[in-house]
Amino acid sequence: MADAEIPSNSSLAEAPMVGDHLAMDLLNTEARDNGEVIEYWNSGGDVLHWLERSGVVSAPEDEAIDLAELLAQAKALRALARQLIAQRKEGQLGDISGLNEHLHAYSSVPHLERDDEGNLVLTRTACGEPIASLLGPVAESVAQLLVEGNFTLVKQCDHPDCILWFYDRTKARKRRWCSMALCGNRYKAAQFRKRTSGAAP
């Protein structure tokens, strides 16, 4: 199987949503391919699009948002989350003060609405400063993972050139790859090349 047939992180136009947890997908907005760091957040617009894809917001309006500041704060939250999650994975508790700053800046209120089937549902609506309102649910997901997550299920892809994270929700708890379409098939192709190259002519 030729490499060109197998998608890689560098060939993706946007961050892969393979983490099965919002905090994992946050970390996966930065990836690696052939030793090269792949940054999926190159503008505040990229962050807004990711928030929409993640279901944090629906069709966000960017007119009243300082996009440069949104990008800076989103990347800062990502770096903080990466450090705290990696430390927690190693059985350590990191400095949570920075995460608390994000959490304290976020406020929301209960909101009653009807769903698509006409049933009443209770949701929460963000209020306050626009950037804090956008990033608050993401910061909250990181905090919830740190408190409630089973860190034996917080994993990184087994492919040696991949740094993507995921929360293993498979029944057998034996998930190895960020995705079979990405790294699973790349690994299988590499193993096939090894076997065929070592075969006698």
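The table below gives the values:
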item	result
Selection status of residue 61, out of contact with any Asp or Glu (no Cβ under 8 Å at 6 or more places or on another chain), at pLDDT below 90 and within 19 Å of residue 130 (Cα to Cα)	yes
Every residue from region 62-102 that is under 22 Å from residue 154 (Cβ atoms) and either surrounded by 19 or more Cβ atoms within 10 Å (Cβ to Cβ) or in contact with a Pro (Cβ under 9 Å, 6 or more places away or on another chain) (or both)	74, 77, 78, 80, 81, 84, 85, 99, 102
Residues of region 85-98 satisfying the condition of being touching a helix residue (DSSP H, G or I) at 6+ places or on another chain (Cβ under 6 Å) and assigned to a helix (DSSP H, G or I)	88, 98
Inter-residue pairs, beta-carbon under 8 Å, first within 25 Å of residue 36 (Cβ to Cβ) and in region 154-171, second of a type in the set (Gly, Ala, Ser) and in a strand (DSSP E or B), 6+ apart	162/31; 163/31; 164/31
Evaluation of residue 186 against (1) at pLDDT 95 or above; (2) surrounded by 15 or more Cβ atoms within 10 Å (Cβ to Cβ) (one fails), failing number	(1)
Residue count for region 18-57, restricted to those that are surrounded by fewer than 17 Cβ atoms within 10 Å (Cβ to Cβ) and within 18 Å of residue 140 (Cα to Cα)	5
Residue within region 86-95 that is modelled with pLDDT of 85 or more, in contact with a strand residue (DSSP E or B) (Cβ under 7 Å, 6 or more places away or on another chain) and at negative phi present	yes
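The values are calculated or read from the model by the stated rules, or taken from the named source; none is laboratory data. Worth saying up front: this structure is predicted, and the values here are computed from it rather than measured. Note: ideal-geometry Cβ built from the backbone for every residue, glycine included; neighbour counts use all protein chains shown.
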